[in-house]
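Undergrad: Here it is, the structure in full.
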Amino acid sequence: MADRWRPVWADIDLDALRHNASLVSRVAGPAALCAVVKADGYGHGGLPAARAALDGGASWLAVALVEEGVTLREAGIDAPILLLSEPPVEAMAETVARWLVPTVYTRGGLEALDRVAGAAASGPIDVHLKVDTGMHRVGADAADVLCLTEVITGSHALRLGAVWTHLAVADGADATDQEFTQVQLDRFDAALATLAAAGHVPPVTHVANSAGTIAWPAARRDMVRCGITLYGVAPTRALADAFTARTGGERLRPVLSLRTRITFVRDLASGERLSYGRRRPLPERSTVATAPIGYADGVPRRLFDVGGEVLVGGVRRPLAGVVTMDQIVVDCGPVGSAPVQVGDEVVLLGRQGSEEVTATEWADLLGTINYEVLCGIGPRVPRLIHGGDAHPPR
Ligand SMILES: *Cc1c(COP(=O)(O)O)cnc(C)c1O
């Protein structure tokens, strides 16, 4: 129990993370692994995730925000850290001072970086030029790639470290998605050919996220940028199977489990209705248990409506009513069917006995993706770090 008084915690298994990183490295090889640890390591803790991924064979890290990179540097991480979007102009000085590797795709961004890097006079800094090949989130238009590259190669302060792009539907199983991924790869290669014709050959190219790494060997290039697989969760069920096929049977291991304990328990008559909205009557006289975790911790309120289950005593049990801000109620079955006591562990995500609830199960029920489930586990939940060299929790 990590909280002083509230029995709610997330176990973070760094041995699992290291295992996943080494499996992903094997699948991606000879491409290098860049471990994506943005958003506090997808909710697992950015620093422990970074350390375990590096232990497991990652040679790069990637984050979304300059702030996230600074936090890793302040903790003593000295691996190269890629910023996945172009830093704001006001953050260029910090980017250079912290030796973060900026992604760039605008002339204004490049010029700001050039000024700062020139003034810092610390030798040329590598930039990773991002090309938009169809995701249409951020990235340079193909038509501007040569011109931006020449701004870089024309500067004494900058160096072209890589050219990269990002896939929009690498996890898609249908023909339309597969065709689009091929279109993106073709556009990327066309951009590289344009650069090569003008004498610019980037030392590194990178394209694949987790889905691309698993499903698109042609996307692996020199480096892959993987996040979700490192946390032990494949982007989709189909990709989980494809991944296992590529490792010869070795599976990803979920890194995070979300646990609490029963704080209140009683028997209620058939027909009683629990929680806000009094949504569903008990089908018979039942034992119901309350546990102190709720939507403020990242357990979606809708989990009740879609049939969410938790594990108590190694058995799947349905929620008995709507998830509230700080508490859930669990239907533990007909009175006398199973011993249930205050203090018993309740698993929301993870294993108990031979049963397991996964982030993918929640995602499928809720109509979202496992990424959102993991990132949604809130800061009120203490993370208990296990394994690795057991760096203490936050
Ligand atoms: C988040 C992100 C990744 C990692 O994606 P996963 O599907 O978690 O492997 C890779 N590249 C970019 C640009 C990203 O934003």
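Undergrad: Looking at ALA211, ALA191, ALA175, ALA198, which is the one that is small (Gly, Ala, Ser) and open to solvent by 60 Å² or more (accessible area, probe 1.4 Å)? Please lay out each step first, then the result.
TA: Values: ALA211 fails: open to solvent by 60 Å² or more (accessible area, probe 1.4 Å); ALA191 fails: open to solvent by 60 Å² or more (accessible area, probe 1.4 Å); ALA198 fails: open to solvent by 60 Å² or more (accessible area, probe 1.4 Å).
The unique qualifying residue is ALA175.
Table: residues versus (1) over 19 Å from the mean Cα position of the chain (by Cα); (2) within 24 Å of GLY277 (Cα to Cα); (3) away from the ligand (no atom under 16 Å from the Cβ); (4) open to solvent by 10 Å² or more (accessible area, probe 1.4 Å).
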| position | (1), (2), (3), (4) |
| --- | --- |
| PRO318 | yes, yes, yes, yes |
| PRO334 | yes, yes, yes, yes |
| THR360 | no, no, no, yes |
| ASN370 | no, no, no, no |
| LEU384 | no, no, yes, yes |
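Undergrad: I'd like to know if region 218-230 contains one or more residues that are in contact with a Pro (Cβ under 6 Å, 6 or more places away or on another chain), in contact (Cβ under 8 Å) with a residue 60 or more places away in the chain and assigned by TED's automatic domain parsing to the domain that holds LEU84.
TA: yes
Undergrad: Right, here's the next one. With the structure loaded, tell me whether THR263 is farther than 30 Å from SER22 by Cα, in contact with a Cys (Cβ under 6 Å, 6 or more places away or on another chain) and either surrounded by fewer than 19 Cβ atoms within 10 Å (Cβ to Cβ) or not aliphatic (A, V, I, L, M) (or both) or whether it fails that test. Spell out how you get there, then give the answer.
TA: On the way: farther than 30 Å from SER22 by Cα: yes; in contact with a Cys (Cβ under 6 Å, 6 or more places away or on another chain): no; either surrounded by fewer than 19 Cβ atoms within 10 Å (Cβ to Cβ) or not aliphatic (A, V, I, L, M) (or both): yes.
It is false that THR263 is farther than 30 Å from SER22 by Cα, in contact with a Cys (Cβ under 6 Å, 6 or more places away or on another chain) and either surrounded by fewer than 19 Cβ atoms within 10 Å (Cβ to Cβ) or not aliphatic (A, V, I, L, M) (or both).
Undergrad: Quick check on my filter: what residues within region 214-233 are within 8 Å of the ligand (Cβ to nearest atom) and either of a type in the set (Lys, Arg) or surrounded by fewer than 20 Cβ atoms within 10 Å (Cβ to Cβ) (or both)?
TA: Scanning region 214-233 gives a single hit, ARG225.
Undergrad: For region 60-85, which positions are open to solvent by 20 Å² or more (accessible area, probe 1.4 Å), within 12 Å of the ligand (Cβ to nearest atom) and within 18 Å of GLY161 (Cβ to Cβ)?
TA: Residues satisfying the conditions are TRP60, LEU84, SER85.
Undergrad: Next question. Looking at ALA173, ALA162, ALA193 in this structure, which one is out of contact with any Gly (no Cβ under 9 Å at 6 or more places or on another chain), farther than 23 Å from ARG237 by Cβ and either polar (S, T, N, Q) or not in a helix (DSSP H, G or I) (or both)?
TA: Every option except ALA162 fails the conditions.
Undergrad: Here's a follow-up. From the list GLY118, GLY57, GLY41, which one is open to solvent by less than 50 Å² (accessible area, probe 1.4 Å), on the phi > 0 side of the Ramachandran plot, assigned by TED's automatic domain parsing to the domain that holds ILE152 and in a helix (DSSP H, G or I)?
TA: GLY41
Undergrad: While we're on this one: Being near the ligand (Cβ under 9 Å from one of its atoms) and surrounded by fewer than 22 Cβ atoms within 10 Å (Cβ to Cβ) is the filter here; which residues of region 21-38 pass it?
TA: Within region 21-38, just LYS38 meets the criteria.
Undergrad: May I ask you to list pairs of residues, at least six apart or on different chains, whose Cβ atoms are under 7 Å apart, with the first in region 348-359 being of a type outside the set (A, V, I, L, M) and the second being exposed (fewer than 15 other Cβ atoms within 10 Å of the Cβ) and part of a strand (DSSP E or B)?
TA: Listed pairs, sorted by first residue: GLU355/ARG316.
Undergrad: Additional query: For region 90-108, name all the residues that are assigned to a helix (DSSP H, G or I) and farther than 18 Å from LEU72 by Cα.
TA: GLU90, ARG107, GLY108
Undergrad: What about LEU239, is it closer than 30 Å to GLY313 by Cα and either in contact with a helix residue (DSSP H, G or I) (Cβ under 6 Å, 6 or more places away or on another chain) or within 16 Å of the ligand (Cβ to nearest atom) (or both)?
TA: no
The values are calculated or read from the model by the stated rules, or taken from the named source; none is laboratory data. Small disclaimer: the values here were computed from a predicted structure and weren't measured. Ideal geometry is used to build each Cβ from the backbone, glycine not excepted, and the neighbour counts take in all protein chains shown. Only protein heavy atoms, including side chains, enter the accessible area calculation; ligands, DNA and RNA are left aside. Shrake-Rupley method; radii C 1.70, N 1.55, O 1.52, S 1.80 Å.
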